[in-house]
Amino acid sequence: MNVAYFRPRKYGPESAIENTVANRIPNLFTSEANTLWTAGSPPIGAGMPDLVVVSYEPQVFALAQTEMPTIHILAYLRVVGSARLETIIGRTGIPQKTTLRYLNDLVELKAVARVDDTYSLLPVWRQILPEIVTIEVKVTNWKRAIEQAARNHIFAHRSFVALPDYVAQRVRLEPVFRQLGIGLLSVGDDHMVSVLRRSRRHKPRVWKYYYEIAFLAARHGKD
């Protein structure tokens, strides 16, 4: 599996586990209707999840023709459904001239529809990334991995931690996995990866991060 890495890698036990998981992604996360894109340590808000696996609609590549601030407009319209120009300006804080330029671009790219002075997100763009999965990798500190995986729920549909098999087997029954809905991947010495616990599906809460991932997929998904 090709992985788009967003920072220099430090090779060691964790990167070895990460490589094993990345190589098994097509088997772990299947997507019939959509294509998968995988990123390593992408900058999302203040965090950098170890691995992000994204299922996307092909229309997402239209974002490669836009500028990053357009994600603020997409995120706002995803929350409210539709809004007038002056409301979008007030809520996003983007200057009027720039906002109008971004909106015109999004209309031309068929991401946003315009009726008079009101703009709305077209249906496919409400779920342009049908599923975002994050994976946090640790060798021993599984509690830290849980903390990071739980934080990822603000933008991810499913969140996993990946641990060496001997650690994963020891902690698989910890209540925190069920309480937080976090999945658990076991990575063996034979380079096999097993799903010991499935992740409960969540709805993203911070749409700015959701469309930030869409923007990264559009810019780097065809590299």
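Taking each DSSP H run with n ≥ 4 as -39500 (n - 2.57) and averaging over every residue of the chain yields -12000 deg cm²/dmol at 222 nm. Out of all DSSP beta bridges with both ends in segment 68-189, state the antiparallel percent to the nearest 5. Beta bridges within segment 68-189, antiparallel portion: roughly 40 percent.
Pairs of Cα atoms nearer than 8 Å and 6+ residues apart set the relative contact order; for the chain it is 22 percent.
Packing order of peptides 45-55, 19-29, 93-103, 127-137, highest average first: 127-137, 45-55, 19-29, 93-103 (average count of other Cβ atoms within 10 Å over each peptide's residues).
To the nearest ten degrees, helix 207-220 and the longest principal axis of the Cα atoms of the chain are 80 degrees apart.
For the chain, find the longest principal axis of its Cα atoms and tell me its angle to the long axis of helix 142-152, 0 to 90°, nearest 10. The helix 142-152 is inclined about 10 degrees to the chain.
Exposure proxy check: Trp125, Trp142, Trp207 ranked by fewest other beta carbons within 10 Å?
Details: Trp125 25, Trp142 22, Trp207 19.
Least crowded to most crowded, the residues run Trp207, Trp142, Trp125.
Scaling the Cα radius of gyration of the chain by the globular reference 2.2 N^0.38 Å produces a ratio of 1.09.
Place the peptides 116-124, 208-216 in order of packing, highest mean first, counting for every residue the other Cβ atoms within 10 Å and averaging per peptide. Show your work: numbers first, answer last.
On the way: 116-124: 14.2, 208-216: 22.7.
Packing proxy ranking, top to bottom: 208-216, 116-124.
Short-range pairs are left out: with C-alpha atoms under 8 Å and at least six residues apart, the relative contact order of segment 58-127 is 33 percent.
Antiparallel DSSP bridges in the chain: what percent, to the nearest 5? Intermediate results must be reported in sequence, preceding the final value.
Values: 23 of 36 bridges.
Beta bridges within the chain, antiparallel portion: roughly 65 percent.
Output the 0 to 90 degree angle, nearest 10, between the alpha-carbon long axis of helix 13-28 and the longest principal axis computed from the alpha carbons of the chain. Helix 13-28 and the main axis of the chain meet at about 70 degrees.
Each value in this text was obtained by applying a stated rule to the coordinates, not by laboratory testing. Note that the structure is a prediction, hence the values are computed from the model and not measured. Positions of Cβ are generated from backbone atoms using ideal geometry, with glycine treated the same way; all protein chains shown enter the neighbour counts.
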